[in-house]
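Worksheet for the structure shown next.
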Amino acid sequence: MKEARSEGTMVLDAKDPVVAEDIKEEDMMAMMGFAGFGSTKGQAVEGNQEGAVKINQQRTWRQYMNRKGGFNRPLEKVK
């Protein structure tokens, strides 16, 4: 069912169906290419803090027409 290559990687034959109980955890790690199953709980993960947040700011408005004193004068200062 399995044949070993000279590099140490495992190859499964396409003819034989693979049952999950037949594959050991070490074989699964070798096929997927990582050293072990572990958790990153409480550890710093590189690239984890990347991202952005859209902050909605409240718009300020200024009245151009129908102001006391007429519309032909300087506008009030922006808040």
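The values are calculated or read from the model by the stated rules, or taken from the named source; none is laboratory data. On a predicted model such as this, the values are computed, not experimentally measured, just so you know. So basically every Cβ, Gly included, is an ideal-geometry build from the backbone, and we count neighbours across all protein chains shown.
Residues in the range 23-45: is at least one of a type in the set (Asp, Glu), at pLDDT below 85 and part of a loop (DSSP other than H, G, I, E, B)? Within the range 23-45, none of the residues are of a type in the set (Asp, Glu), at pLDDT below 85 and part of a loop (DSSP other than H, G, I, E, B).
Scanning the range 54-67 for any residue that is at pLDDT below 80, surrounded by 10 or more Cβ atoms within 10 Å (Cβ to Cβ) and assigned to a loop (DSSP other than H, G, I, E, B) turns up nothing.
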